[in-house]
């Protein structure tokens, strides 16, 4: 699947833009924001694994669902 290279604008405060620009360094905005998004995903996955490891094996499905804050399916 090909992804179109489309340019967009995101409105942020000057304070936020200045901070992000310093963190971005020499990378393009696309590279920098992709890296941030991937780091965020990894962190969320690590948190989920940590939560799973903390659940007792004798917990019921309902207890596991509640501890993981899963929605009804």
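The values are calculated or read from the model by the stated rules, or taken from the named source; none is laboratory data. None of these values were measured; they are calculated from a predicted model. FYI the Cβ positions are ideal-geometry reconstructions off the backbone, even for glycines, and counts take in every protein chain you see.
Considering (1) assigned to a loop (DSSP other than H, G, I, E, B); (2) at pLDDT below 85, say which one residue 65 fails and leave the rest.
Of (1) assigned to a loop (DSSP other than H, G, I, E, B); (2) at pLDDT below 85, only one is false for residue 65: (1).
Anything in the stretch 1-20 that is within 20 Å of the chain's Cα centre (by Cα) and either part of a helix (DSSP H, G or I) or surrounded by 10 or more Cβ atoms within 10 Å (Cβ to Cβ) (or both)? List them, or say none.
12, 16, 17, 19, 20
Between 50, 39, which is part of a helix (DSSP H, G or I), loosely packed, with under 10 Cβ neighbours inside 10 Å and modelled with pLDDT of 75 or more?
None of the other options fit; the residue is 50.
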